[in-house]
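K.L.:
Structure incoming, see below.
The values are calculated or read from the model by the stated rules, or taken from the named source; none is laboratory data. All values reported here derive from a predicted model rather than from experimental measurement. All Cβ positions, glycine included, derive from the backbone under ideal geometry; neighbour counts span all protein chains shown. Just the protein is used for accessible areas: all its heavy atoms, side chains included, with ligands, DNA and RNA removed. Shrake-Rupley method; radii C 1.70, N 1.55, O 1.52, S 1.80 Å.
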Amino acid sequence: MDLDSEPGESSDDLERPSRTDEDARDGGEGLDPATAVDSGAELEREVGPGPGPGSDPDPDPDPAHITFGRDGLRAGFLNCLPVALGVGGYGIAFGVLASQVGLSVAEAALMSGTVLAGASQIVAVELWADPLPAATIVFTVFAINLRYSLMGAALQPWFERLSPAKVYGSLYFMADENWALTMRDLRAGNARGAFLLGSGIAIWLFWVGATILGAVAGELVGDPTRYGFDFILAAVFVALAAELWEGRSTLVPWVVALGTAVVAAEFLPGRWYILLGGLVAAAVEVIRYDD
Amino acid sequence: MTDGALSLDPSVVAVILAMAAVTVLTKVGGIWLVRQVELGDRLEAGLSVLPGAIVIALLGPELAAGGPPEWAAAAVVLGVMWRTENILFALCAGVLSVVAFRALAAGTGLPIA
């Protein structure tokens, strides 16, 4: 089960000339993609989801060594704990909100335990009204969460050798935060397939626990912005962006995604802009690709 | 806490389960789709830019909706990330600095002052 005896190391590391940290930092602006953030740059050649032009998809060394064991589960859980704590801050806010619109503690906990998608749940309880607008709520939740389809699809290069039960079971526990941490771990070449599940379980525990706390405590807790909890998601994504930067090749898709998202956020309701930004950037890359 | 804390209204439970069902659909749907077809190099190149593109698409409007305190805190996260490559440091620095910058922006001075 545990093949990853040397997490973070790979044979390719040995073949490459070693660089100092300073090299990597100074060259961050990127004439050479290999001088981006160094942990990412170190491994991009082998674990980048897309094999470079001309490379055969089969001898892609890293995704082939994907494991699904206790090791990854534990790493995911522990790495996610600080982030899950922040998610808990939000869970309390959600619980308070849910109790204010008349959901019982059990109902709020049920929603957090089964839906496990913070933004959509908060919007859902904001739509809560006496004759329950069921269709509106369900459709809105679907629209807000459609971005998860893209996030899940982005994991495919690593997950393709895992069994459907492991893949779909893990995806149930996927939220924005632990998807981000998982992408980071996979791109670092660790190939720990259970990382998503482990980190998702941490999120689930804190999210459901905090929902219950919030629903019970009612109005006792003020708003999470006081402690900066609302900034954690943005901070996770800024940190991730710093690691995903691969130099110049990243620039076009990112500018396309940013432009699309900012414009779409202006004109479209909900969170369609995330989906649209990702899709347009991917489409542009597909068109630009030259073989 | 009222004694209704454990009550489960059937229609509420039905809506919640429907919400859960469509959410699961979104979470597994994308990867299910790409697992059904053999991906060409071209499509795979598109897929490979997805993580970064999604991150930026989520982040852009979120930061745009914030103000100078959020922008400055984002810069702190970026800076700490670049220097240390430690996500925990970066997150702590980000959260602490957003609280501090917000306090500054509100004109109430630093909480530690």
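K.L.:
For A:Glu107, what accessible area in Å² do you get when you roll a 1.4 Å probe over the heavy atoms of the protein chains, rounding to the nearest 10?
P.N.:
A:Glu107 exposes around 10 Å² with every protein chain in place.
K.L.:
Using only DSSP helix segments of four residues or longer, with each worth -39500 (n - 2.57), what per-residue ellipticity at 222 nm results for chain B after dividing by its residue count and rounding to 500?
P.N.:
Numbers: 5 runs with 87 residues, N = 113.
Calculated at 222 nm, the ellipticity per residue is -26000 deg cm²/dmol.
K.L.:
Same structure again: Can you compute the modelled spin-label distance between A:Phe267 and B:Ala64, with each label point 7 Å from Cα toward Cβ, in nm?
P.N.:
1.2 nm
K.L.:
I'd like the residues of region A:82-106 whose 1.4 Å-probe accessible area shrinks by no less than 30 Å² going from the isolated chain to the full set of protein chains.
P.N.:
A:Pro82, A:Ser104, A:Val105, A:Ala106
K.L.:
Here's something else I'd like to know. Between A and B, buried accessible area summed over both sides at probe 1.4 Å, in Å² to the nearest 100?
P.N.:
Answer for the A-B pair: about 7100 Å² buried.
K.L.:
A further question on this structure: If I model a spin label at A:Val286 and A:Arg248 as a point 7 Å from the Cα along the Cα→Cβ vector, what separation in nanometres do I get?
P.N.:
Using points 7 Å along Cα→Cβ, the separation is 2.7 nm.
K.L.:
Same structure again: Would you kindly find the accessible area of B:Asp9, with a 1.4 Å probe and non-protein molecules such as ligands, DNA and RNA excluded, rounding to the nearest 10 Å²?
P.N.:
Using a 1.4 Å probe on the heavy atoms, I get roughly 70 Å².
K.L.:
Which of the trypsin sites (Lys or Arg not before Pro) found in region A:108-194 are loop residues per DSSP with 16 or fewer other Cβ atoms within 10 Å of their Cβ? Working shown, then result.
P.N.:
On the way: sites: A:Arg147, A:Arg161, A:Lys166, A:Arg184, A:Arg187, A:Arg192; in loops: A:Arg161.
Answer by residue number: A:Arg161.
K.L.:
For region A:160-206 and region B:63-85, what is the separation of their C-alpha centers, rounded to whole Å?
P.N.:
26 Å
K.L.:
What FRET efficiency comes out for the pair A:Tyr227/A:Leu127, r = Cβ-Cβ distance, R0 = 30 Å, nearest 0.05?
P.N.:
It comes out at approximately 0.65.
K.L.:
Starting from the residue with the highest accessible area, list B:Glu38, B:Glu70 in decreasing order, probe 1.4 Å.
P.N.:
The ordering from most to least exposed comes out as B:Glu38, B:Glu70.
K.L.:
At 1.4 Å probe size, with every protein chain present, just tell me what the per residue accessible area of region A:70-246 comes to in Å².
P.N.:
33 Å²
K.L.:
Provide the gained length on full extension for the span B:Ala5 to B:Ala103, in nm with one decimal, where the gain is 0.36 nm per separating residue minus the Cα-Cα distance.
P.N.:
Length difference between fully extended and current span is 31.6 nm.
K.L.:
Placing unit charges on C-beta atoms (Lys and Arg positive, Asp and Glu negative, everything else neutral), compute the dipole magnitude of chain B about its Cα centre in debye, rounded to 20.
P.N.:
The calculation lands at about 200 debye.
K.L.:
Over region B:3-105, consider all pairs of different Cα atoms and compute the Kirkwood hydrodynamic radius from their mean reciprocal separation; express it in Å, one decimal.
P.N.:
Computed over region B:3-105, the radius equals 17.9 Å.
K.L.:
What number, in percent, do you get for the relative contact order of region B:3-105 if the mean sequence gap of Cα pairs under 8 Å and at least 6 apart is divided by its residue count?
P.N.:
Over region B:3-105, the number comes to 19 percent.
K.L.:
When the Cα centres of region A:224-291 and region A:79-108 are compared, how far apart do they sit, in Å?
P.N.:
If you average the Cα positions of each part, the centres end up 26 Å apart.
K.L.:
OK, next. Run the dipole for region A:70-246 about the Cα centre, Lys and Arg Cβ at +1, Asp and Glu Cβ at -1, nothing else charged, and hand back the magnitude in debye, nearest 20.
P.N.:
Its charge dipole is roughly 600 debye.
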